[in-house]
Each structure stands twice: as structure tokens, then as C-alpha cells.
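Engineer: Dropping a structure here in C-alpha cells format, bear with me for questions.
Just so you know, all these numbers are worked out from the coordinates, no wet-lab data involved. All values reported here derive from a predicted model rather than from experimental measurement. Methodologically, a virtual Cβ is constructed for each residue, glycine included, from the backbone with ideal geometry; neighbour enumeration extends over all protein chains shown.
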Amino acid sequence: MPSQNGHRKLRDKIASIFRASGFDTDRTVHIKTPTRETDLDVCALYQEVLIAVECKTGRSIHFDNLISELKSKRDEIIDQKDKLSILGSIDNVVTQKRLSLIKMVKVAVAFREYHPAADQIERARRSDIEVLDSDAIEYYDRTSRALGRWTKYEIFKEMCIRRQEEDEEVKVDSLRLEQPGATLYVFSLPPYRLLRIAYVHRRSSKATYAYQRIVNPNRTEKISRFLSLQRAFLPNAILLAFDEEISDRVCFEPPDATVGKLTVPMKYCSSWIVDGQHRLYGFEKTDYSVEPSEEPAPRGKFDLLVVGLKGFRTEHQAKTFVDVNDNQKRIDPTLLCDLTTLIKDLRHPLTWPSLLVEELNRRDPWKERIRIFEISRAKPITLAGFAKWALSRELLRRKEHVDGRIEYLGPLFKYAEFDYTRDMDYAFNKGALSRQASLLARYFKAVKQNLDRVNPDIWDNPREYGVTKTTGVNALLLVLNRLMEQKPELDLDLVSYLRPIAHLSFKNRWIVRFGGGWDGFKSLAKRIIRDLNKNAGFKIGYYKTKRRTGV
């Protein structure tokens, strides 16, 4: 049974997210309808909008029954809104008067331990119920702390809440430029308008081809302090890409001119910030973020220079971004690997290994244990930590020739070859990915089975043990590489062969003694191979290392 303390923590976290996002928020709102009394865990209100969130903390959830129940509750609130009685709440925000102003009701369910599948989330959305899983909660928590009250526009967009003011369009003076990859419009908008329509298009929100990182609140705070100065100015342009959904409404007149008027729809979060996110969100805590009133006299203007992109394909942007940032420290390597799984360009060295690790994250014993997204936490290893080292360098062993030809020489590639010149929809490549993933899953299942004989914590408790962390995983992959050099089809009883590893410690403090990085991986692999070679009827090769391995 879920604990009351766990439910309270989830309720309070959801409430804090909505409060930080600019909503008036209440908790445990006890209401009475003509047919029943019930509690609404969290109520978030903004003008005519009410978002009611149900919080669920148990692992055992009858999902479809829950969605049906929430749909019934939502319909009753809408139908009986004028007859509802507010019997009490923690924060005393929801009152009969506030409720009378509500014109739109959205219901959501937040999960703490239950992990709904993608098809379940889609079924809920078809019933007009939003699902906040652990990734969504983490995303909105971090975003609301970074963007503050402007997060409400992302919430409106994600929850398909459309408000009347989104129908507004503004006409601005503009310069039009034509380039091979896009049509560019140079214009200006005040921050309060730009903040409403712009958004940071990140992979952490699971949007295809998104490449921006989470907004850093420390950077926006510094910019905010600068913008508060009397003579502050920002000469650099904010670079926006208009979404396809509004592209047809972005009109330039006269059509054949280079100087004219640009119509910009004021639809929430409809223009992706390609560059300049921190400059824009630095205005969040300044007076310029609020539409000026006519009385008293309006303050000085602060128009932001904007370059708008129309018809600039996001797939092309993402590919360019990956090429520029590959092997640079300023981008999270896990985000970079994740992007390659979206682009699916098999010519890129990280694409295939990243796709392979992403597939492993769907299978035992790695299911949901790999940090695929930038915001994911409590995972023992990242996508990059799994994909970039032993898997890429040894098991696949990609070689690029000066003439542009690419060759794979590793035993895993030879076990199930793929065609890097074709896309991932090619049946041959799909089959190769499945075969390679099955082999890796079989290998790690055998590892886990032997370790579980000693202590299940060795695999399941990364706080104490390191077998599922970067050094342990890469060392085991190096062992597999040597093993497949001897047994290309891996046609042996892996559980029996790997039995000696059960006698190794794998505690974090033990693994640390082998060192980190590539040489640390090899040193630990060498130590594992030593024990395997003592017991097997055949020998596999050692790795040359600089470190002493008598640990």
C-alpha cells in the first residue's frame, strides 16, 4: 500500500511546480457535488483555467480504471460547477467565487512509482486526461525553477489548453532575407510578447529533433541583474524558428519586397528558441516581462532584436548541431547520443551504439536502468557511458578511411552486420539491431544470474556496487569483446562460463582501485579475464594496461 507520507510528498511537489509556474495553487481541496464528496489533490488556477491533479504513489495501478474514474470526475466538475460546494482545503485558495470564474477544466494524474507505457499515456490523452510520469515531473520541476511563471505557457501547450488571447496576431516592421536553407525575418518584439510565444525546444521534453539544453537559472539570474541596470542593452538577436503549426500564419507583406510588415501569431510556445534562451529568460524577473499599462505613464521601451526562421527544417538543425558539438565538453554527451537515436543517421559514429543501448534499456536486465534523457536521474549509467567506449571502440570497432569509406571490424558487427548507407527502416538493419541487442542482453543476464547467487544487491544497489556503472559495464563489454574473438557466435553456456565473476567484489571502493577512464576499464577487464582463464577450457586475450592489476 502507498504510504501517506509518500502521497503527501508527491502532492506538495506537484503543488510547488504549479505555484512556481505562475498558478494560484491549493492542496487537498474537499468538494461536494450533488452525488458525492471527493478530494482534489492539487488545484492550479490561472484566470479562467483550472487544472486538477490526482496524485498516485503505488506501483499497483489499474490504469484504465483510473482514467475512467478521472474522466467521470472531470465531467462531473464541469457539469456541476455552479452547484459544487467547497468544504475545505489546505491553502484556502479555491473558493466558490474563484470557481465561478472557471471556464476550462483540465484533469491530470501524477505518478510517483508507477511507470505508464507510451500507449497508456496516449489512451489517457484521448480521454482528455494528462499523465505526469516521473520524467515529466522532473522536467517541470527543473523548468519551473529556471523559468518561473513563464513555465505556465509550456504547461498550457503540453496539456492542450488553448486560451482566447492566443488568437491575437501582431504586425511588426521587418526585413526579409532569403537563404538556401530558410527564409529569415529580422524584426523586434518586447520581452513580454516574446516570452509568451517562445519556448526552449529540448529533448528532455521528448520533442523530436530538439537539441537545446535545460535553461541554467544561474545564467538567467546574472543576465536579469544586468538588465535591471538603467542603461542595459542587448545588441545580439534572439534566433527563433517558427513551428510548422503557425508557419502559414507568419505572413510578410508586400510579398515580393525585402522591407515590409510581418504578421506574428501570439500562440503560446509556438516559436522555438534556437539561440538566445538565457538572454530572453533573463527578462523573467524584470518589469519588462509585464505588459505595460497606460496609467501611470509607460516605462521606457526594451525591444529585442529577433531573427525568425521560416521553413528551416529542425532535422537539418539537429544534424548540424551534432556535427559541430561532437566531442566538445560544452554539450552533455548523453544528450548528444540521444540526438543520434532521433536523427538515425548511421554514418555518424554514435548512432548505431546509441540505438543499441536504447534498445537494451527496453530489455532485462537493463530495462529502465540507463539514463537516456538529460533530465533522468537515479540511473546507474548514462547512454553515453554505455555507448561511447568499449561498445563503439572494440565490439563494433568502426574505421573511417580517407576516401570517406566506413568499415566495421569488431566481433559484434560481424555477428550481425548492418548497412550504414541505409536507414533504420531497412529490414536488414532492424534485424541486425535486434540480434545484437539480444546477444548483449543474454550476456548481461548471465552476469546478473551469477552475481544474484551471491547477493542480488551487487546488481541492484549502485550506491554500494559498481557493476552497473560506467567502469564495470565497459570492463564487462571488453571481456565480451575478447570472448567473441574466440567464440564469434557466443555458442557456449554463458552462465557456467561466467561463474567465476561471482567471487569478485564489485564494490565501488574495489572498482575505484582500478582507476577511471579507458585504462581503468581495461585494468578491470584484465582482472576479470584472469579469473575466467583459470577455470575455462580455453583462454581469452588480456588487455595491455599501464596499471597494476593485482587487486
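Engineer: If r is the Cβ-Cβ distance from Lys301 to Asp24 and R0 is 41 Å, what FRET efficiency results, to the nearest 0.05? List each step's numbers first, then the result.
Structural biologist: On the way: r = 30 Å, r/R0 = 0.74.
With R0 = 41 Å, the Cβ-Cβ based efficiency is 0.85.
Engineer: Still on this structure: Go through segment 459-500 and name the trypsin sites (Lys or Arg not before Pro) that are in a DSSP coil and have 16 or fewer other Cβ atoms within 10 Å of their Cβ.
Structural biologist: Values: sites: Arg463, Lys469, Arg482; in loops: Arg463, Lys469.
Sparse-neighbourhood loop trypsin sites (Lys or Arg not before Pro): Arg463.
Engineer: Moving on to the next point. I'd like the distance between the alpha-carbon centres of segment 99-160 and segment 450-470, rounded to an integer number of Å.
Structural biologist: 35 Å
Engineer: Determine, for each peptide in 439-448, 41-50, the mean count of other beta carbons within 10 angstrom over its residues, then list the peptides with the highest first. Mind showing how you got there, number by number?
Structural biologist: Numbers: 439-448: 19.4, 41-50: 21.2.
Packing order, densest peptide first, comes out as 41-50, 439-448.
Engineer: Still on this structure: Set Lys and Arg Cβ to +1 and Asp and Glu Cβ to -1, take the dipole of the chain about its Cα centre, and tell me which of Leu440, Met266, Leu239 lies farthest positive.
Structural biologist: Positive-most Cα among the choices belongs to Leu440.
Engineer: What's the local net charge at His7, with K and R +1, D and E -1, over the other residues with C-beta under 12 Å away?
Structural biologist: Numbers: positive: Arg8, Lys9, Arg11, Lys13, Arg27, Lys56, Arg112; negative: Asp12, Asp39, Asp41, Glu54, Glu113.
Counting the neighbours of His7, the net charge comes to +2.
Engineer: Here's another thing I want to ask about it. So what's the back-of-envelope 222 nm ellipticity for the chain, counting only DSSP H runs of four-plus at -39500 (n - 2.57) apiece and dividing by all residues, rounded to 500? It would help to have the intermediate numbers written out before the result.
Structural biologist: Details: 21 runs with 217 residues, N = 551.
Computed ellipticity for the chain at 222 nm equals -11500 deg cm²/dmol.
Engineer: If R0 is 25 Å, what FRET efficiency do you get for Glu37 and Met104 from their C-beta distance, rounded to 0.05?
Structural biologist: Once rounded, the FRET efficiency stands at 0.60.
Engineer: Check Leu304: other-chain or 5+ apart residues with amide H under 5 Å from its amide H, H built from backbone geometry?
Structural biologist: Leu189
Engineer: Amide H neighbours of Val131 under 5 Å, at least 5 residues apart or on other chains, H built in the peptide plane: list them.
Structural biologist: Residues meeting the amide H criterion: Val109.
Engineer: I'd like the GluC sites (Glu not before Pro) in segment 96-147 restricted to DSSP loop residues with at most 15 other Cβ atoms within 10 Å, sorted by number. Provide the component values of the computation, followed by the final result.
Structural biologist: Numbers: sites: Glu113, Glu122, Glu130, Glu138; in loops: Glu113.
Of the GluC sites (Glu not before Pro), the ones in loops of segment 96-147 whose Cβ has at most 15 other Cβ atoms within 10 Å are Glu113.
Engineer: Any idea how far apart Gln47 and Glu122 come out in nm if each label point goes 7 Å out from Cα toward Cβ?
Structural biologist: 3.3 nm
Engineer: Okay, next question. Restricting things to alpha carbons, find the Rg to Rh ratio for the chain using the Kirkwood radius for Rh.
Structural biologist: Values: Rg = 27.5 Å, Rh = 26.8 Å.
The Rg/Rh ratio comes out at 1.03.
Engineer: Work through the residues other than Trp459 whose Cβ is under 15 Å from its Cβ and net out their charges, Lys, Arg +1 and Asp, Glu -1.
Structural biologist: Working: positive: Arg363, Lys367, Arg369, Lys379, Lys445, Lys448, Arg453, Arg463, Lys469, Lys507; negative: Asp364, Glu368, Asp452, Asp457, Asp460, Glu464.
Net local charge, Trp459 excluded: +4.
Engineer: So if we plug the beta-carbon distance of Asp82 and Glu221 into 1/(1 + (r/R0)^6) with R0 = 45 Å, what FRET efficiency do we get, rounded to 0.05?
Structural biologist: Details: r = 44 Å, r/R0 = 0.98.
Efficiency at R0 = 45 Å is approximately 0.55.
Engineer: Still on this structure: Once label points are set 7 Å from the Cα along Cα→Cβ at both Thr421 and Glu407, what is their separation, rounded to one decimal in nm?
Structural biologist: Placing both labels 7 Å along Cα→Cβ, they lie 1.6 nm apart.
Engineer: Now for a different question. Among residues other than Arg126 whose Cβ falls under 13 Å from its Cβ, what is the net charge (Lys/Arg +1, Asp/Glu -1)? Spell out each step's value before the answer.
Structural biologist: Numbers: positive: Lys71, Arg123, Arg125; negative: Asp64, Asp119, Glu122, Asp128, Glu130.
Result for the neighbourhood of Arg126: -2.
Engineer: Separate question: Going by how many other beta carbons lie within 10 Å of each one, how would you line up Thr25, Thr263, fewest first? If you can, show how the numbers build up before the last one.
Structural biologist: Working: Thr25 24, Thr263 14.
If I rank by nearby Cβ atoms, fewest first, I get Thr263, Thr25.
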